[in-house]
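Engineer: Structure incoming, see below.
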Amino acid sequence: MGSPLIALLLGSLGGTLPASGPASASALAGAPCVVSRSAYGPRFVLPLELAQGATVGRGSPAPYAASIRLHPTYVLDRTRQIRIAATLGPALTNPDVELLLGGRITKSVFELNAGPVRGIGAHLGLEALYGTSGRALLGAVLIADGGGLFQATVRVEPDVTNGATLLELGLGMQLYEDSVPYHPAAGPTRPVESGYASRVREQMTNDTRAIIGTLRNEDPDACERFLRSARAFVRHPDPRITTIAAFRQALRANGLARLDEDMDPPEPPPPGARESDAVDALYLGLTDGLSTPAER
């Protein structure tokens, strides 16, 4: 029973450890049309669990089982919620009482995103324990997480020493969690500017990011087509475009009608400013919007 179950779990958990270094950052920046999860939650949590169930395979009726478990947990990856934990606590194996020692690794397999509320979902894990009575347990845990307020755990663990299987249902709460300060990801920076052209540029940047975010959620394929058209458009600017009206017409002619429809009309040039300066700012703003990942 244990081998197929463990293989399934290893397949689910394998290959999910977080990438690091420039390659992963580059991949994120190069895929603004891909919906990705953001990091959330604490780095360290301390759940306490009360569990009860039965040990099947040791005669009939199946002996009652219960345990009190403490799980000091470190979150390896706050984006995928990959967690590694130690486990310790007393357990009743009826009629014996023993101390359980071991650990587990879990990964989020479902998350309910309810606006600002994060962490409501389910985690699948692999748990290995040793009991001082001589038991060796290796099996699966499925944890329903109520956003850190409470946890419910279903546990199926073969006793590889005695040829039995532990079935338990646990309820728990977090005794402690650390606080992680929020640091928003910074995009590419550019010199601080002031004046009419900078306002036009900033507005175009924001409009471009908003379009990417909308298309990403509506239709990722349409988002990719928009990116390809927009990158080609800014890569080869037309020197004949010197007015805002001509720029917007060029957007429509180059497959960027959605941007032309949704963008806020740039303010008219003030006295002393050339409209061609506004066109240059629109090109720069569109470039900025494409080079910075849309808000996730």
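The values are calculated or read from the model by the stated rules, or taken from the named source; none is laboratory data. None of these values were measured; they are calculated from a predicted model. For neighbour counting, all protein chains shown are included, and Cβ atoms are generated from backbone atoms with ideal geometry for every residue, glycine included.
Engineer: Only one residue in 253, 222, 230 is exposed (fewer than 13 other Cβ atoms within 10 Å of the Cβ) and among the hydrophobic types (A, V, I, L, M, F, W, C), so which one is that?
Structural biologist: Result of the check over 253, 222, 230: 253.
Engineer: So which residues in the range 137-161 are surrounded by fewer than 15 Cβ atoms within 10 Å (Cβ to Cβ) and hydroxyl-bearing (Ser, Thr, Tyr), if there are any at all?
Structural biologist: Matches in the range 137-161: 161 only.
Engineer: Tell me, which residue of the range 63-107 that is over 19 Å from residue 174 (Cα atoms) and among the β-branched types (Val, Ile, Thr) is nearest to the chain's Cα centre (by Cα)?
Structural biologist: Going through the qualifying residues, I end up with 79.
Engineer: Something else about it: It is to be established whether one or more residues within the range 50-68 are in contact with a His (Cβ under 6 Å, 6 or more places away or on another chain) and assigned to a strand (DSSP E or B).
Structural biologist: No, the conditions are met nowhere in the range 50-68.
Engineer: Among the residues of the range 198-212, are any touching a residue at least 40 places away in the same chain (Cβ under 8 Å), β-branched (Val, Ile, Thr) and farther than 19 Å from residue 32 by Cα?
Structural biologist: Within the range 198-212 (the criterion being touching a residue at least 40 places away in the same chain (Cβ under 8 Å), β-branched (Val, Ile, Thr) and farther than 19 Å from residue 32 by Cα), the answer is yes, since at least one residue qualifies.
Engineer: Next up: Just to verify a result, which residue in the range 69-85, among those that are at negative phi and not in a strand (DSSP E or B), is surrounded by the most Cβ atoms within 10 Å (Cβ to Cβ)? Give the derivation first.
Structural biologist: First pass over the range 69-85, keeping only residues at negative phi: 69-80, 82-85.
Filter once more, keeping what is not in a strand (DSSP E or B): 71-72, 78-80.
Values: 71: 25, 72: 16, 78: 17, 79: 14, 80: 17.
Among them, the one singled out is 71.
Engineer: Name the residue that is farthest from residue 274 (Cα to Cα), counting only residues in the range 190-218 that are under 32 Å from the mean Cα position of the chain (by Cα) and of a type in the set (D, E, K, R).
Structural biologist: 218
Engineer: Now for a different question. Can residue 221 be described as over 32 Å from the mean Cα position of the chain (by Cα), in a helix (DSSP H, G or I) and either at pLDDT below 90 or of a type outside the set (A, V, I, L, M, F, W, C) (or both)?
Structural biologist: no
Engineer: Mind checking whether some residue in the range 86-109 is farther than 27 Å from residue 130 by Cβ and surrounded by fewer than 17 Cβ atoms within 10 Å (Cβ to Cβ)?
Structural biologist: So far as the range 86-109 goes, no, none of its residues is farther than 27 Å from residue 130 by Cβ and surrounded by fewer than 17 Cβ atoms within 10 Å (Cβ to Cβ).
Engineer: Now a separate question. If I filter the range 221-229 for residues that are free of Cβ contacts under 8 Å to residues at least 24 places away in the same chain and of a type in the set (Asp, Glu), do I get at least one hit?
Structural biologist: yes
Engineer: Taking the range 69-105 on its own, how many of its residues are at pLDDT 95 or above, of a type in the set (A, V, I, L, M) and over 23 Å from residue 124 (Cβ atoms)?
Structural biologist: So the count comes out to 1.
Engineer: Sort through 184, 116, 158, 188 and tell me the only one that's outside the structural domain of residue 280 (by TED's automatic domain parsing), touching a helix residue (DSSP H, G or I) at 6+ places or on another chain (Cβ under 6 Å) and at pLDDT below 90.
Structural biologist: Of 184, 116, 158, 188, the one residue that is outside the structural domain of residue 280 (by TED's automatic domain parsing), touching a helix residue (DSSP H, G or I) at 6+ places or on another chain (Cβ under 6 Å) and at pLDDT below 90 is 188.
Engineer: Is it fair to say residue 151 is within 21 Å of the chain's Cα centre (by Cα) and at pLDDT 90 or above?
Structural biologist: Judged against the criteria, residue 151 is a match.
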